[in-house]
Amino acid sequence: MIDPIAVFILLLGAATPILFAALGELVTERAGVLNLGVEGMMIGGALAGFAAAHATGSPALGFAAAAIAGVVLSMIFAALTQFLLSNQVATGLALTLFGLGLTAMFGKPYEGVKAPTMMAGPLGLNPMIWLGLLMVPAVWWGLNRSRPGLILRAVGENHDAAHALGYPVRAVRIAAIAFGGAMAGMGGAYISIATVLQWTEGMTAGAGWIALAIVVFAQWNPWGVLAGAWLFGGVTVLQLRLQAAGVAVPVQLLTMAPYLATIIVLVLISARQKYGRSGGGSAPGSLGKPFHALR
Amino acid sequence: MKRRTLLGSAAALMAMSAMPAFAQDEKLKIGFIYVGPVGDGGWTYQHDLARQALEKEYGDKIETTFIESVPEGADAERALTQLALSGNKMIFATSFGFMDATINVAKKFPDIKFEHATGYKRAENVATYDARFYEGRAVIGTIAGRMTKSNKIGYIGSFPIPEVIQGINSAYIHAKKVNPDVEMKVVWVYSWFDPAKEADAAAALIAEGVDVFMQHTDSTAPLAKAQEAGALGFGQASDMAAFAPSPRIASIIDDWSPYYIKRVGQVLDGTWKSEGTWAGIGDGEVVIGEITEVVPAEVKAEAEALKAAIASGEHHPFTGPLKKQDGSDWLAEGQKATDEELSGMNFYVEGITAPMPK
């Protein structure tokens, strides 16, 4: 029969890239910025991380390069949306397309090249799995128990009020966007350096979109993000494991399950809001709205 | 004014009628669409090697272009149309899923010759070609059956289509012949090329106790996973020699160059006809890559003897007595499967316990 511990270990690996990207996006969104460019930043990180790991032979340097690549890509988004006040949805989509195209072009020399092998961390798990898991309480604490987190949430809930109180709305948002970029970049690099061990064009295959869905599913709560990432990762791993164990599984049904779960969560939340029960919807108040200080 | 228009159109007409005459001296333009990137190190890489072999063979007489990473579906039709409109007179569509797109586009361009790999739909200007991969599967299945210590061998399938099912059956029949205790685990990833998913599928097989597996997907990701976990695997479509001597202990190589060179030659001398070609080990289209030193000498000799027997036609991988998975009779003692039966194969043979996806 299927060993649940073995499945859980595979699940942790499958969930890690989306966990990283979703935690980053969560912080960005809590600051009131909707960045749909997660997929683009992930693929950028996947290539930069792979290239750096291949050149230096060090996966750790690879992840550092991936974080930097994610930040660089996110700063394009930041410049366009925070200074030029462009539409966040359109700019984010453009960033995704840009990232996919750019990496397809610069990734050509890395096709068919092998990555250096990674050292296993505690319990034989990849160190990045541990880092991802540690980031969950860290992000929760940072947002809910620290002063910078309080300011970040204030900026995300009501940027005019935060501005009136003298907080630097734009600077806070740029920092949040950069954090999102770094996390997405590392999530992408996990796919190229730790899972697949090689570079191929478009290899993130929609993980960035799943990360965006998970943030909504999680209702902007880091623990919910962890649950969502495990749900998505678990379904992927479980359907392959069930097949290997010779169980007839409706693959298509299992593949759509996480998306169905997201829709159901959204429906439940809006139903709760409609019938006046409070405490439900927790989307940041200024999410996706451009901010321009008049005075 | 009128006379000028008349003169103009006459000139245009002349130019148009003169064009075919010029075309005779022009290079034969040949287009390719690939399902993956040329750097996949597997299926598409081999097709591109054959394209390069064409350029070497015919030099100035031909000119080739390719479009890579074309998704199967509506995009394929657009890519094919684009190749047709840009003057290619011969087009190779190198994936099963391009079948309907190729037939549709071929209807619109009756003077262009199309070659579709691994499909079964032909037309006046659409030929099909395929390789008897199952012959190679028989050889690596034998090696897998001998090399497994857990008596569990695995198979990463792309889509449950006859070409892939033949491979699973052939590998299982021959593994079972040398190791009666062998069990076959199958995982379908529903993609030809998705490195992350292929790697996850390999991990799932390894977690299930599989220590030797085969793949019918195009990337080297499963071999990278095998290396990490200490399992064994085989090069698929291409030699994948970067992973030799272990985890890659042998490989099935598709060598399309002889076929491509023959067919382009036929277009050049005007003898091209639409037909279906299905060549195997004996024709040099399916090649078994070097069996590495990880494999004991007697197993290597056994595999090579089987390869020789298949090449000479002495052994057919699907020879009775064989039953279907549900226990019903398929082939009687000594009876060989026909090509029609093989090209429509949608069942496992007896002994495989994995369920067939619906």
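Data overview
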item: Kyte-Doolittle mean at least -1.0, axial Cα span of 27 Å or more - DSSP H helices of chain B; result: B:2-25
item: Of A:K108/B:K29; B:K121/B:K152; B:K27/B:K113; B:K107/B:K197, those spanning more than 27 Å from alpha-carbon to alpha-carbon; result: B:K121/B:K152; B:K107/B:K197
item: Rg/Rh ratio calculated on Cα atoms of the stretch B:200-338 (Kirkwood radius); result: 1.05
item: Calculated FRET efficiency for the pair B:D339/B:T81, C-beta based, R₀ 30 Å, to 0.05; result: 0.40
item: Centre separation in Å (Cα based) which lies between the stretch B:186-217 and the stretch B:67-109; result: 29 Å
item: Centroid-to-centroid separation of the stretch A:11-33 and the stretch B:263-316 [C-alpha atoms, Å]; result: 50 Å
item: Mean Kyte hydropathy of 0.5 or more with a Cα span along the axis of at least 24 Å, helices from DSSP in chain A; result: A:4-30, A:38-56, A:59-78, A:88-106, A:127-145, A:169-189, A:222-244, A:251-274
item: Sequence-separation-based contact order of chain A, relative, with Cα cut under 8 Å and 6+ spacing, percent; result: 36 percent
item: Cα-based Kirkwood hydrodynamic radius, the stretch A:114-170, one decimal, Å; result: 13.9 Å
item: Hits among lysines - C-alpha to C-alpha of B:K307 under 18 Å, sequence gap 8 or more where chains match; result: B:K176, B:K177, B:K336
item: Rounded if a/c under 1.5, otherwise prolate or oblate - the stretch B:52-108, Cα gyration tensor axes; result: prolate
item: Within the protein assembly as shown: Cβ-based charge dipole about Cα centre, in debye rounded to nearest 20 (Lys, Arg +1; Asp, Glu -1); result: 2660 debye
item: Distance (nanometres) between label positions extended 7 Å along Cα→Cβ at A:K289 and B:Y190; result: 4.1 nm
item: Separation of alpha-carbon centers, the stretch A:207-265 and the stretch A:61-114, rounded to whole Å; result: 25 Å
item: Charge dipole (debye, nearest 20) of the stretch B:204-358; +1 at Cβ of Lys and Arg, -1 at Cβ of Asp and Glu; result: 280 debye
item: Calculated [θ] (222 nm, deg cm²/dmol) that DSSP helices of n ≥ 4 give over chain B, each run adding -39,500 (n - 2.57); result: -13000 deg cm²/dmol
item: Distribution of pairwise C-alpha distances over the protein assembly as shown, 20 Å bins, in %; result: 18, 44, 29, 9, 0
item: Separation in nanometres of the label points that stand 7 Å from Cα toward Cβ, at A:F106 and A:A164; result: 4.4 nm
item: Kirkwood-type radius of the stretch A:4-274, with distances r between different C-alpha atoms, in Å; result: 18.9 Å
item: Neighbour-count order for B:S95, A:S282, fewest beta carbons within 10 angstrom listed first; result: A:S282, B:S95
item: Virtual spin-label span in nm between A:S282 and B:A305, 7 Å along Cα→Cβ; result: 6.9 nm
item: Loop sites in the stretch B:253-346: chymotrypsin sites (Phe, Trp or Tyr not before Pro), DSSP, at most 10 other Cβ within 10 Å; result: none
item: Environment charge of B:M345, counting only residues whose C-beta is closer than 12 Å and scoring Lys/Arg +1, Asp/Glu -1; result: -3
item: Computed FRET value (nearest 0.05) for A:A90 with B:K177, which takes r as the C-beta separation and R₀ as 56 Å; result: 0.35
item: Per-residue HN-Hα couplings for the stretch B:287-294 [Karplus 6.51, -1.76, 1.60; θ = phi - 60°; Hz; x = Gly/Pro]; result: 10, 8, x, 3, 8, 7, 5, 5
item: Evaluated over the stretch B:245-321, the Cα radius of gyration and Dmax, each in Å; result: 16.4, 50
item: Cβ charges +1 (Lys, Arg) and -1 (Asp, Glu), total dipole of the stretch A:4-274, debye; result: 400 debye
item: Whole-number Å³ per residue for the convex hull built on Cα positions in chain B; result: 148 Å³
item: Three-way shape call for the stretch B:44-194 based on the alpha-carbon gyration tensor, with the a/c threshold at 1.5; result: prolate
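Read-outs throughout are calculated quantities, based only on the coordinates presented, and are distinct from any laboratory measurement. Quantities reported herein were computed from a predicted structural model and do not represent experimental measurements. Cβ atoms come from the backbone with ideal geometry, glycine included; neighbour counts cover every protein chain shown.
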